[in-house]
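What follows draws every value from the coordinates through simple rules; no lab data is involved. On a predicted model such as this, the values are computed, not experimentally measured, just so you know. Here the Cβ is made from the backbone with ideal geometry for all residues, glycine too, and neighbour counts use every protein chain on show.
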Amino acid sequence: MRLLVTGGAGFIGANFVRLTLETRTDVEVTVLDLLTYAGNAASLPEDPRVTLVKGDIADAEMVDALVAEADAVVHFAAESHNDNSLDDPWPFVHTNLVGTFHLLEAARRHGVRFHHISTDEVYGDLPLEGGDRFTPDTPYNPSSPYSSTKAGSDLMVRAWVRSFGLEATLSNCSNNYGPLQHVEKFIPRQITNLLDGVRPKLYGAGLNVRDWIHVDDHNRAVWTILESGRIGETYLIGADGEASNRDVVETLLELMGHERDDYEHVPDRPGHDLRYAIDASRLREELGWEPRYGDFRAGLSATIDWYRAHEAWWRPQKLETELRYQRLGR
Ligand code: NAD
Ligand code: TDX
């Protein structure tokens, strides 16, 4: 099987490529990645079964040629950080909307199976109190330029299925954590701050809740959907990992040998979503998927170990990232 993985040099995509090589012998992977600030060729394993092509998913000609050679496309590439989308939304429109459009058109022309990776943020947020969770029937209600462009890309995929018979599936996953995540994101930012002797930074009161899942559990679900998902269907991926940002920071502090209250509050993110929570029943009951990382604390501990052991991977991005946050006042 020849797989085209867009965004395969990013956090989730690179973990997907690694998992694929470890678990399948019959797959060859071409990664199409622009290697933006978020992409890192060093995240990919050196393996004769992996080819990295540096390019833009909004480059219609290049995309057409690569999709033509593939048996399936797994589309991870995106501008992915909410804070950046509040600073400058245009790259989000370019990559998440225009880029997805060109991929869909190529997949339609060549009749190639397509899996679209998306986020629970397309559903907006839930109240802090109460046990509501997102389901595949929750109405779209995105809050940020990031989530609105992801929502638009999801809707295009659905329309291409219905109008053109594209063989596509979609998945909307909750917050991922694990190795190879850029230091701009919440958990790696706090771990690497602590390694640098800097106190963790909580937006606002830190009461916002995210539903954490280990990146390998997400990627196993993607493979399950690719192999046995129903065409045209949307699967929500989540592992019942709800925690407030304050809980996460306190746990990281404790695991790294600090007092649990040794963090600081910084100004809140504008439009900050309160709570996400996923009901993954369809994926569990229809396709039999189960998460393997049940213990979030143990997963965080392993993630801390990974960042301790891989400073050479994250160090080049750290200063620039913190300077950007300084400019944003966060
Ligand atoms: P990331 O920012 O770490 O990686 C994105 C990758 O896409 C990078 O390698 C980057 O170079 C590449 N890219 C960006 N623009 C491109 C372009 N125009 N052409 C080609 N490549 C381009 O993101 P991530 O956290 O790995 O997220 C991957 C996907 O998963 C995204 O679609 C995101 O919306 C989705 N998602 C992420 C999470 C999460 O918690 N991180 C949760 C749910 C869904
Ligand atoms: O320094 C910080 N302090 C803080 O309190 C940072 C960077 C974040 N936060 C808060 C904001 C969020 O409530 O932590 C939470 C998580 O923040 P992010 O890591 O930026 O993730 P989030 O905005 O929830 O979006 C993530 O999950 C869904 C990914 O970045 C998206 O790509 C994915 O779609």
Inset, instruction - Could you run the Debye sum over the Cα atoms of the range 233-330, one equal point scatterer each and no solvent, and tell me log10 of I(q)/I(0) at q = 0.13, 0.15, 0.17 Å⁻¹, two decimals? - result: -0.73, -0.93, -1.11
Inset, instruction - Rank Ala107, Ala221, Ala159 by mean-square fluctuation in a GNM of the chain with C-alpha springs under 10 angstrom and give only the top-ranked residue. - result: Ala159
Inset, instruction - Could you grab the relative contact order for the chain? Cα pairs under 8 Å, six or more apart, rounded to a whole percent. - result: 17 percent
Legend entry - Cβ-based charge dipole, the range 27-80, positive-most Cα from Pro45, Met62, Val73: Pro45
Legend entry - Globularity ratio of the range 141-197, using Cα Rg and 2.2 N^0.38 Å: 1.65
Inset, instruction - Between Thr30, Thr100, Thr224, find the one with the highest GNM mean-square fluctuation for the chain; connect C-alpha pairs within less than 10 Å. - result: Thr224
Inset, instruction - Return the lysines within reach of Lys201: Cα separation strictly under 27 angstrom, same-chain partners fewer than 8 residues apart disregarded; answer none if there are no such residues. - result: Lys150, Lys185, Lys318
Inset, instruction - Using Cα pairs closer than 8 Å and at least 6 residues apart in sequence, work out the relative contact order for the range 210-330, in percent. - result: 34 percent
Legend entry - log₁₀ of I(q)/I(0) at q = 0.17, 0.23, 0.29 Å⁻¹ - the range 119-158, Debye sum with one point per alpha carbon: -0.44, -0.73, -1.01
Inset, instruction - Would you compute, for the Cα atoms of the range 146-293, the largest minus smallest coordinate along each principal axis and list the three values in descending order, in whole Å? - result: 55, 33, 24
Inset, instruction - Tell me the Kirkwood hydrodynamic radius of the range 183-243 in angstroms, computed as one over the mean inverse distance between distinct C-alpha pairs. - result: 14.2 Å
Inset, instruction - Return the single residue from His310, His214, His182 with maximal mean-square fluctuation; model: Gaussian network over the chain, springs between Cα atoms under 10 Å. - result: His310
Inset, instruction - Can you grab the distance from the C-alpha centre of the range 186-224 to the C-alpha centre of the range 63-128, Å, no decimals? - result: 22 Å
Inset, instruction - Would you kindly derive the ³J(HN,Hα) couplings of the range 283-288 from the backbone phi angles with the Karplus curve 6.51 cos²θ - 1.76 cosθ + 1.60 (θ = phi - 60°), listing them in order in whole Hz, with x for Gly and Pro? - result: 5, 6, 7, 7, 10, x
Inset, instruction - Please report, in cubic angstrom per residue, the volume enclosed by the convex hull of the alpha-carbon atoms of the chain. - result: 123 Å³
Legend entry - Cα gyration tensor of the range 55-107 - equivalent ellipsoid semi-axes, whole Å, descending: 24, 10, 7
